[in-house]
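Engineer: Just passing along the structure, written as structure tokens.
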Amino acid sequence: MQRVGFVLKVKQELLEEYKGTHKNVWPEMQQALRNAGWTNYSLFAREDGTLFGYLETEDFGQALAKMDGLEVNTRWQESMKPYFESLEGRRPDESFLILEEVFHLD
């Protein structure tokens, strides 16, 4: 199982609204993530808008590829774009800054 940690930056002034959108993630989006192999997926936010994401999957590249092109993912990513800094024309799921795993307590 591959463990993946990543960071993104939410615009601080939109952080509360962003958190609110995640209280009601579309059921079809949640199912699409599950079907693509995203497990134990969590998001954590700091007050300054720094967002840390964590998930486990068999193959992260494959899990991303399975989401790419899905209509529900396209809609979700477009709806999330306004919340983030520094996307440079990319979707949020194309902008993850992947962190190196340094330690894992098994």
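Engineer: Taking the Cα centre of the chain as origin, sum charge times position over the Cβ atoms of Lys and Arg (+1) and Asp and Glu (-1), and report the length of that vector in debye to the nearest 20. Walk me through the intermediate numbers first.
Structural biologist: Values: 12 positive and 19 negative charges, 50 e Å.
For this selection, approximately 240 debye.
Engineer: Mean Kyte-Doolittle hydropathy of 0.0 or higher plus an axial Cα length of 18 Å or more: which whole DSSP H helices in the chain meet both?
Structural biologist: Numbers: long enough: none.
Correct list, ordered by number: empty.
Engineer: OK, next. Please list, in chain and number order, the residues 5+ apart from Leu99 or on another chain whose amide H is under 5 Å from its amide H, with Hs placed from the backbone.
Structural biologist: Gly5, Phe6, Val7
Engineer: Which FRET efficiency, nearest 0.05, do Leu14 and Ala65 yield, Cβ-Cβ r, R0 25 Å?
Structural biologist: On the way: r = 29 Å, r/R0 = 1.15.
The computed FRET efficiency comes out at 0.30.
Engineer: Under a point spin-label approximation (7 Å from Cα along Cα-to-Cβ), what is the Gln30-Val102 distance to one decimal in nm?
Structural biologist: The modelled label-to-label distance comes out at 3.4 nm.
Engineer: By count of other Cβ within 10 Å, fewest leading, how are His22, His104 ordered? Let's see the in-between values first.
Structural biologist: On the way: His22 10, His104 6.
Result, fewest neighbours first: His104, His22.
Engineer: Sticking with this one: Compute the distance in nm between two label points, each set 7 Å from the Cα along the Cα-to-Cβ direction, one at Phe52 and one at Glu85.
Structural biologist: 1.8
Just so you know, all these numbers are worked out from the coordinates, no wet-lab data involved. Just so you know, these numbers come straight off a predicted model, no measurement behind them. Note: ideal-geometry Cβ built from the backbone for every residue, glycine included; neighbour counts use all protein chains shown.
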